[in-house]
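Computed from the coordinates by the stated procedures, all read-outs in this text should not be read as laboratory data. Computed from a predicted structure; not experimentally measured. Here the Cβ is made from the backbone with ideal geometry for all residues, glycine too, and neighbour counts use every protein chain on show.
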Amino acid sequence: MKKIMLLLLVGVLLVSCGQKVVKQASQDSKITLEAFTLAETVKNAFIVKDDITLKKSSTEAGYRDIMENTRAYDRVELTFTPRWVEIENNQLQVNIAWKSVWVAAGKSTEERGMAVFVTEGVPLKISRILRGNPFIFPAQQ
């Protein structure tokens, strides 16, 4: 009786674990991944002052949001941590926690905050930055 139960259990396990089913990524997850990649691309382009990539990755209004209040700086370090994505109509709102270290004239200034990158279009482009804009040079204290 024990041998029959053991054989039955092994048979059930073999049948249930025999097939590998690969789930396809949903359209929403693909768009979300594209939005995260876009945010990293814009961050890296801003750090190296790549104006061409910034213009390609954003609309005119988005580019203005990125470049507004940017004063001369020697170096900037930015860290982005995506937190949440909201998808409505053809627009994504990517909530990103960020930290920055700005170095200008030998002085270092640290800042942190939460930004919302509004992206739209195909391919995605940043159209606005809401809340705490990580690309604005912080006020000196």
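Each Lys and Arg Cβ is given +1 and each Asp and Glu Cβ -1; about its Cα centre, the range 27-131 then shows a dipole of about 240 debye.
Let me confirm the definition first: pairs of Lys residues in the range 27-131, 8 or more apart or on different chains, C-alpha distance under 19 Å. How many are there? Going through the range 27-131 pair by pair, I get 10.
According to the Kirkwood relation over distinct C-alpha pairs, the hydrodynamic radius of the range 27-131 is 14.1 Å.
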